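K.L.:
Handing you this structure, nothing more for now.
The values are calculated or read from the model by the stated rules, or taken from the named source; none is laboratory data. Treat the numbers as computed from the prediction; the structure is a model and nothing was measured. Glycine also receives a Cβ, built like all others from the backbone with ideal geometry; neighbour counts cover every protein chain displayed. We work out accessible area using only protein heavy atoms, side chains counted, and drop any ligands, DNA or RNA first. Shrake-Rupley method; radii C 1.70, N 1.55, O 1.52, S 1.80 Å.
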Amino acid sequence: MRAGMKIISWNVNSVHARLPRITGLLARHHPDLVCLQEIKTGCGAFPAGDFTAAGYQAVVHGQAGRNGVAVLARTSLTDVACGFAGDPVPEQARVISVTAGGVRVVNVYVVNGRDVGAPEYELKLRWLDAFATWLRSAHQPADPLIVAGDFNITPDDRDVYDPDAWRGRNLCSEPERDRIRRLLGWGMTDLGRARNPGPGPYTFWDYREGAFHRGWGLRIDLALATAPVAARCTTVTVDRDERKPTFGEGKPSDHAPLIVILTPGS
């Protein structure tokens, strides 16, 4: 019998800037596994000792000053892998995969894209295609698999505070959304949407123009899972408190943590 798991995915927008918040989150939620994105530091500068003191081991795929992903775990991790075969920009640290509690966990930080038509947007689409090709070649829909992280895509209009204003723009364009639909069609479930019909709950609010307080949110942080994991998922929530400037330790990230709870499995 595999134990239940609490998995948190969080774009922290710099692990050093957010270190007090992250250790506070660990104390508040006691997760089994935490997927961090946009850690913005190289492996050697990652504050692993702070997490060891909190009872968590860390595996890191870092990049100085930008991007970067890491996994914190209270449970043992095996088969740690950085990046993926066919990545069009392997120098950008965007994917780290681990196995924990019999579940393969892929932590992703998808290319932002900047603006529709920009070179960065075309790279985003190529990256998503390459990632999907690798995912399908390395896994099967019957495998216990979860892909969690900052996808930088709103799957549909329910994930945008003002769909008309955002229609066709980066993060909300049809080519991006089609990439998500292809992953779902391959055999994955959007756990957050399966547990909440929407609109929202949002996971990202820009720092500018008082977006958080005005409710100008986007749901771009996702957890996609194959059927064996989706069947074990009981709860998916967004901890909005962690986005509040008046809550917790230090300044918040512009993202809120996504929390997935899995029941024990056979």
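K.L.:
Scan region 186-213 and report the pairs whose first residue is in contact (Cβ under 8 Å) with a residue 12 or more places away in the chain and of a type in the set (K, R) and whose second residue is open to solvent by 30 Å² or more (accessible area, probe 1.4 Å) and part of a strand (DSSP E or B), with Cβ atoms within less than 6 Å and a gap of 6+ or a chain change.
P.N.:
Once the first residue is in contact (Cβ under 8 Å) with a residue 12 or more places away in the chain and of a type in the set (K, R) and sits in region 186-213, no partner that is open to solvent by 30 Å² or more (accessible area, probe 1.4 Å) and part of a strand (DSSP E or B) comes close enough.
K.L.:
Here is a further query. Could you say whether any residue in region 82-91 is within 19 Å of the chain's Cα centre (by Cα) and open to solvent by 50 Å² or more (accessible area, probe 1.4 Å)?
P.N.:
Yes, there is a match, as at least one residue in region 82-91 is within 19 Å of the chain's Cα centre (by Cα) and open to solvent by 50 Å² or more (accessible area, probe 1.4 Å).
K.L.:
Being open to solvent by less than 20 Å² (accessible area, probe 1.4 Å), farther than 24 Å from K251 by Cα and under 17 Å from the mean Cα position of the chain (by Cα) narrows it down to one residue among V103, V15, V108; which is it? Show your work before the answer.
P.N.:
Values: V15 fails: farther than 24 Å from K251 by Cα; V108 fails: farther than 24 Å from K251 by Cα.
That would be V103, the only listed residue that is open to solvent by less than 20 Å² (accessible area, probe 1.4 Å), farther than 24 Å from K251 by Cα and under 17 Å from the mean Cα position of the chain (by Cα).
K.L.:
Also: Please determine, by comparing only the residues of region 1-12 that are open to solvent by 20 Å² or more (accessible area, probe 1.4 Å) and either among the aliphatic types (A, V, I, L, M) or not in a loop (DSSP other than H, G, I, E, B) (or both), which one is modelled with the highest pLDDT. Don't jump to the end; show me each part of the working.
P.N.:
Going through region 1-12, the residues open to solvent by 20 Å² or more (accessible area, probe 1.4 Å) turn out to be 1-4, 6.
Now narrow it down to the ones that are either among the aliphatic types (A, V, I, L, M) or not in a loop (DSSP other than H, G, I, E, B) (or both): 1-3, 6.
Values: M1: 48, R2: 68, A3: 77, K6: 98.
So, considering only residues that are open to solvent by 20 Å² or more (accessible area, probe 1.4 Å) and either among the aliphatic types (A, V, I, L, M) or not in a loop (DSSP other than H, G, I, E, B) (or both), the one modelled with the highest pLDDT is K6.
K.L.:
Are any residues in region 210-234 touching a helix residue (DSSP H, G or I) at 6+ places or on another chain (Cβ under 9 Å) and assigned to a loop (DSSP other than H, G, I, E, B), and if so, which ones? Before the answer, list the steps.
P.N.:
Taking region 210-234 and keeping what is touching a helix residue (DSSP H, G or I) at 6+ places or on another chain (Cβ under 9 Å), we get 212, 216-227, 229-230, 233-234.
W216, R219, I220, listed by residue number.
K.L.:
Tell me, yes or no, whether region 134-143 has at least one residue that is of a type in the set (S, T, N, Q) and open to solvent by 20 Å² or more (accessible area, probe 1.4 Å). Before you say what the answer is, go through the steps one by one.
P.N.:
Going residue by residue through region 134-143, those that are of a type in the set (S, T, N, Q) are 137, 140.
Next, from what is left, pick out any that are open to solvent by 20 Å² or more (accessible area, probe 1.4 Å): 137, 140.
Yes, the conditions are met somewhere in region 134-143.
K.L.:
Suppose the filter is among the polar types (S, T, N, Q), more than 22 Å from E242 (Cβ to Cβ), part of a loop (DSSP other than H, G, I, E, B) and over 15 Å from the mean Cα position of the chain (by Cα); does T75 pass it? Give the derivation first.
P.N.:
Details: among the polar types (S, T, N, Q): yes; more than 22 Å from E242 (Cβ to Cβ): yes; part of a loop (DSSP other than H, G, I, E, B): yes; over 15 Å from the mean Cα position of the chain (by Cα): yes.
Yes.
K.L.:
Now a separate question. Report, by residue number, each residue of region 238-252 that is buried (at least 21 other Cβ atoms within 10 Å of the Cβ) and not in a strand (DSSP E or B). It would help to see each step written out before you state the result.
P.N.:
Step one: list which residues in region 238-252 are buried (at least 21 other Cβ atoms within 10 Å of the Cβ), which gives 238, 242-243, 252.
Within region 238-252, E242, R243, P252 meet the criteria.
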